[in-house]
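The values are calculated or read from the model by the stated rules, or taken from the named source; none is laboratory data. Everything numeric here is computed off the predicted structure, so don't read it as measured data. Glycine gets a Cβ as well: all are built from the backbone with ideal geometry, and neighbour counts include every protein chain shown. SASA here: full protein model, heavy atoms, side chains in, ligands and nucleic acids out. Shrake-Rupley method; radii C 1.70, N 1.55, O 1.52, S 1.80 Å.
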Amino acid sequence: MTIAIYPGGFDPITNGHLDIAIRAAKLFEKLIIGVYNSPDKYLLFTTEERVELVRQAIVNQPNVEVEAFNGLTVDFAKKVGAQVIVRGLRMSGDFVRDFDMAMMNKYLFPELEVVCLMATLKYQFLSSSLLKEAASLGGNIDNLVPQHVAVALRRRSQSKM
Ligand code: ADP
């Protein structure tokens, strides 16, 4: 059975992330979305909240799971028995960063393969950081995230005002 992990910050999950997860779930028997438990204090949502937002987004995907992880992505892959890392690439910038990361991960764990899926055209511009900025300024982000994420973003933005 080929198990893939899809690691990231997911602060919060967007339709761009979800599109990659749904497409990857068709390629592998099991996909585990790994929410990086980052020590970054500037995240809008806690690790538990980010995991829960992902969990609600994948309720209809039977072979997709979500788990938080600490430390190296390759160690997370080993722990869950994954052979593949999935990444989504947008046109602007992702390739250079992901290429270096893939080389380092290959050095650390040569058996692990990285499979990159190109971001779908309509979400090429979408990042969690721009999304949070737009939402915090009252922009309508309803078509960019699942509905429960839009609700969580609105609540969080209001509580920060
Ligand atoms: P970001 O904060 O930029 O959204 P994450 O660390 O949450 O980044 O991203 C996790 C993975 O999802 C990475 O592979 C990233 O390149 C990818 N990704 C981010 N946004 C999109 C998008 N709009 N479409 C496809 N893939 C994306």
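In table form, for the structure just shown:
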item: Which listed residue is within 14 Å of the ligand (Cβ to nearest atom), closer than 23 Å to residue 15 by Cα and over 15 Å from the mean Cα position of the chain (by Cα), from 144, 126, 131, 121; result: 121
item: Selection from region 16-37 of residues that are open to solvent by 30 Å² or more (accessible area, probe 1.4 Å), near the ligand (Cβ under 10 Å from one of its atoms) and either more than 14 Å from residue 87 (Cα to Cα) or not acidic (Asp, Glu) (or both); result: 17, 23, 36
item: Residue within region 91-113 that is open to solvent by less than 60 Å² (accessible area, probe 1.4 Å) and of a type in the set (Ser, Thr, Tyr) present; result: no
item: Elements of type strands (runs of 3 or more DSSP E) in region 52-161, at least 2 residues being closer than 23 Å to residue 40 by Cβ and not polar (S, T, N, Q); result: 64-69, 84-89
item: Filter result for residue 72 (under 18 Å from the mean Cα position of the chain (by Cα), surrounded by 12 or more Cβ atoms within 10 Å (Cβ to Cβ), over 17 Å from residue 22 (Cα atoms) and among the aliphatic types (A, V, I, L, M)); result: yes
